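Note sheet for the following structure.
The values are calculated or read from the model by the stated rules, or taken from the named source; none is laboratory data. Please read all numbers here as calculations on a predicted model, not as lab measurements. Note that each Cβ is placed from the backbone with ideal geometry, even for glycine, and that neighbours are counted across all protein chains shown. The protein model used for the area step is the full one, side chains on, heavy atoms only, and it has no ligands, DNA or RNA in it. Shrake-Rupley method; radii C 1.70, N 1.55, O 1.52, S 1.80 Å.
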Amino acid sequence: NSNTALVKAKSLENQLNNIVIESGTSDAELLQARVGMFGNNAPNLKTRIDELEHFINVKSYGAVGDYVNDDTTAIQTVLDIAEGQGQVNVYIPPGTYKVTKKLIIHGNTYIRLSPNAIIKRSHRASILQNGRDGSSFSGYDGNGNITIEGGVFDGNLIDYNYECSGFSVSHARNIVLRNVTIKDIYAGHALDLAGVKDVLVDNCRFIGYRDRADRSRNYAEAIQIDIAS
């Protein structure tokens with residue numbers, strides 16, 4: 001008990017030193033505003049605000065994140081900005097976002113999700129796809145330069161017991177997934193890489209899978225890798 005108390009006291013001392021001495025302020029609200037979504041501390045509030053100004057918050061476009069309202073249109077509207085302008089940085093704050101159809105990600109898209117942001121599938125298709133249905137790509141000329149950081153993509157196979165994949169990527173290059181969780185996929189791949197190159201999957205989790213009742217899909221993989229041939 002004494003050792004535990006000592007560890008807690010030291011931890012509290014370090015926190016107070018950081019708050020009062022290093023940051024130069026003891027204002028709790030100001031300090032909280034400086035903390036990034038990955039727990040990183042900006043050196044000051046101005047830096048944190050400047051960082052956020054480069055991102056489009058899906059809630060600014062009508063997303064709610066309560067898993068009651070349908071957030072599909074709001075999120076897709078933000079993603080479609082990259083199709084028209086060639087680049088979009090998207091921020092998805094904490095919440096559970098109900099999506100009722102597949103989300104389409106275009107090239108040159110950076111999505112940063114809060115660790116407590118959940119994209120929850122409420123339909124019969126994959127959660128994400130790098131191009132509209134019917135698009136024709138060859139080689140590596142599809143929608144690439146895509147980065148997704150943080151958050152949870154929930155296949156929701158309990159409520160929507162239909163085959164799906166998590167993120168379907170085809171004929172593209174420069175794909176990065178970092179600190180992402182893809183869960184509860186039914187008879188598909190969590191990350192389906194079909195003919196892609198230059199891919200980084202860093203510190204991600206793939207949890208929860210259900211095979212078909214006849215077990216005919218038991219070759220499904222968390223990360224499926226296929227060459228462009």
Considering (1) out of contact with any Gly (no Cβ under 6 Å at 6 or more places or on another chain); (2) within 29 Å of Ser216 (Cα to Cα); (3) open to solvent by less than 30 Å² (accessible area, probe 1.4 Å), say which one Ile148 fails and leave the rest. (2)
From the list Gly195, Gly131, which one is in a strand (DSSP E or B) and not hydroxyl-bearing (Ser, Thr, Tyr)? Gly195
Candidates Asp211, Asp198, Asp192, Asp184, filtered to the one that is farther than 26 Å from Tyr91 by Cβ and more than 13 Å from the chain's Cα centre (by Cα): Asp211
Any chance Gly195 is over 19 Å from Lys102 (Cα atoms) and open to solvent by less than 30 Å² (accessible area, probe 1.4 Å): yes
Search result, residues across segment 168-180 that are in a strand (DSSP E or B), surrounded by 21 or more Cβ atoms within 10 Å (Cβ to Cβ) and at negative phi: Ser168, Val169, Ala172, Ile175, Leu177
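Within segment 111-121, can one find any residue that is assigned to a loop (DSSP other than H, G, I, E, B), of a type outside the set (A, V, I, L, M) and farther than 19 Å from Gly150 by Cα?
There is no residue in segment 111-121 that is assigned to a loop (DSSP other than H, G, I, E, B), of a type outside the set (A, V, I, L, M) and farther than 19 Å from Gly150 by Cα.
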Of everything in segment 209-222, what is more than 14 Å from Phe153 (Cβ to Cβ) and open to solvent by less than 60 Å² (accessible area, probe 1.4 Å)? Give them in sequence order. Asp211, Ser216, Arg217, Ala220
Any idea which of (1) crowded, with 18+ Cβ neighbours inside 10 Å; (2) on the phi > 0 side of the Ramachandran plot; (3) modelled with pLDDT of 95 or more is the one Phe206 doesn't satisfy? (2)
Unmet requirement for Tyr140, which otherwise passes all of (1) open to solvent by 40 Å² or more (accessible area, probe 1.4 Å); (2) of a type outside the set (Asp, Glu); (3) within 18 Å of Leu177 (Cβ to Cβ); (4) not in a loop (DSSP other than H, G, I, E, B): (4)
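Every residue, every condition in (1) in contact with a Gly (Cβ under 9 Å, 6 or more places away or on another chain); (2) assigned to a strand (DSSP E or B), yes or no:
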{"position": "Ala125", "(1), (2)": "no, no"}
{"position": "Tyr160", "(1), (2)": "no, no"}
{"position": "Gly188", "(1), (2)": "yes, no"}
{"position": "Ile207", "(1), (2)": "no, yes"}
{"position": "Glu221", "(1), (2)": "no, no"}
{"position": "Ser229", "(1), (2)": "yes, no"}
In segment 85-137, which residues are open to solvent by 60 Å² or more (accessible area, probe 1.4 Å) and under 16 Å from Tyr67 (Cβ atoms)? Pro94, Lys101, Asn116
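Are any residues in segment 131-173 polar (S, T, N, Q) and over 16 Å from the mean Cα position of the chain (by Cα), and if so, which ones?
Ser135, Ser136, Ser138, Asn143, Asn161, Ser170
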So, first residue over 12 Å from Gln129 (Cα atoms) and without any contact (Cβ under 8 Å) to a residue 12 or more places away in the chain in segment 167-191, second residue open to solvent by 10 Å² or more (accessible area, probe 1.4 Å) and of a type in the set (Ser, Thr, Tyr), Cβ within less than 9 Å, six or more apart or across chains; the pairs are none
Exactly one of Ser165, Ser216 is in a loop (DSSP other than H, G, I, E, B) and either touching a His at 6+ places or on another chain (Cβ under 8 Å) or hydrophobic (A, V, I, L, M, F, W, C) (or both), and that residue is Ser165
